[in-house]
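Down below is the structure, laid out as structure tokens.
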Amino acid sequence: MTRELSTPPAVSFGLLSGSPQPVLPAAQGLLLRPWEQADAPVFLSAYQDDEICRWHTRRPRTEARVLEWFDAYHQDWRSEKGGHWAAARKDGEVLGRIALRGFDFNDGVADVSYWVLPTARGRGVATSALAALSTWALDEIGFHRLYLEHSTRNHASCGVATKSGYLLEGTQCSAAMHDDGRHDMHLHARIRGD
Ligand SMILES: CC(C)(COP(=O)(O)OP(=O)(O)OC[C@H]1O[C@@H](n2cnc3c(N)ncnc32)[C@H](O)[C@@H]1OP(=O)(O)O)[C@@H](O)C(=O)NCCC(=O)NCCS
């Protein structure tokens, strides 16, 4: 098929789908690895946490539904739409989740999402996972811009973004629905080379 874009893609199509989703080492002895069926109970339990529910309105209700999500995650990788990782200790214990979604290979842009289980918070899990994922995406794969959005009321997420080099670009007014209504959203981004 003839390409209709005048510019070459920032990330080559087929680069990711041609190989299995990688396991990425992160600081604190963490591994970012693809989700496995055995993770379904802990993944489901995350959505019983008030803080995770406060900021994530899309929630699985059953383990069967979690497994469907995992299938969709693996399909996202194969179709080069996104990558979804468990942030786990080397012994396999899951501490959190991080994802890179909305792959736009032409512009080299993707967006980040994460949560950490309540028992694992406050010890750098989110920043370690985000650092490892960002280095891989920007320096190894060739993405140019990674961005993340969070409610202006979510100070913890703002801290993770800022600490990880995702600069605040502005506030999107009334941009996202939450259980308690519409929230203004911060837009943060990290650019390759910054
Ligand atoms: C936001 C969240 C992922 C942070 O995970 P974490 O592993 O505890 O974060 P880290 O330990 O890496 O913290 C990094 C920085 O974030 C900030 N931060 C973390 N928790 C915070 C809190 N409760 N209040 C204010 N700032 C906080 C701090 O600046 C911290 O740096 P410091 O430790 O040097 O002070 C976790 O609290 C969470 O899962 N919350 C619920 C779901 C959620 O908000 N997801 C993101 C939606 S956009």
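The values are calculated or read from the model by the stated rules, or taken from the named source; none is laboratory data. What you are looking at is a predicted structure, and each value in this text was computed from that prediction instead of being measured. Glycine gets a Cβ as well: all are built from the backbone with ideal geometry, and neighbour counts include every protein chain shown.
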Can you tell me how many residues within region 129-155 are farther than 24 Å from VAL11 by Cα and touching a residue at least 12 places away in the same chain (Cβ under 8 Å)?
5
Candidate set from region 90-107 (those that are near the ligand (Cβ under 10 Å from one of its atoms) and among the hydrophobic types (A, V, I, L, M, F, W, C)); member that is nearest to VAL11 (Cα to Cα):
ILE98
Set ALA110, ALA126: member being without any contact (Cβ under 8 Å) to a residue 40 or more places away in the chain, within 7 Å of the ligand (Cβ to nearest atom) and surrounded by 16 or more Cβ atoms within 10 Å (Cβ to Cβ)
ALA126
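Okay, residues lined up against (1) within 17 Å of the chain's Cα centre (by Cα); (2) surrounded by 15 or more Cβ atoms within 10 Å (Cβ to Cβ); (3) not charged (D, E, K, R):
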{"site": "LEU16", "(1), (2), (3)": "yes, yes, yes"}
{"site": "PRO25", "(1), (2), (3)": "yes, no, yes"}
{"site": "GLY29", "(1), (2), (3)": "no, no, yes"}
{"site": "ARG33", "(1), (2), (3)": "yes, yes, no"}
{"site": "ILE52", "(1), (2), (3)": "yes, yes, yes"}
{"site": "LEU67", "(1), (2), (3)": "no, yes, yes"}
{"site": "ALA72", "(1), (2), (3)": "yes, no, yes"}
Exactly one of these conditions fails for ALA131: (1) more than 14 Å from the ligand (Cβ to nearest atom); (2) of a type in the set (A, V, I, L, M, F, W, C); (3) surrounded by fewer than 19 Cβ atoms within 10 Å (Cβ to Cβ); (4) closer than 30 Å to SER17 by Cα. Give me its number.
(1)
Here is a check on your reading of the model: is TRP85 part of a helix (DSSP H, G or I), touching a residue at least 24 places away in the same chain (Cβ under 8 Å) and either of a type in the set (Gly, Ala, Ser) or under 15 Å from ARG33 (Cα atoms) (or both)?
no
Subset of region 134-174, residues of a type in the set (Val, Ile, Thr) and either away from the ligand (no atom under 12 Å from the Cβ) or part of a strand (DSSP E or B) (or both), comes to THR135, ILE141, THR171
Report every pair of residues separated by at least 6 positions or lying on different chains whose Cβ atoms are under 6 Å apart, first residue within region 46-71 and farther than 28 Å from ALA175 by Cβ, second modelled with pLDDT of 95 or more and small (Gly, Ala, Ser).
GLU63/ALA40; LEU67/ALA40
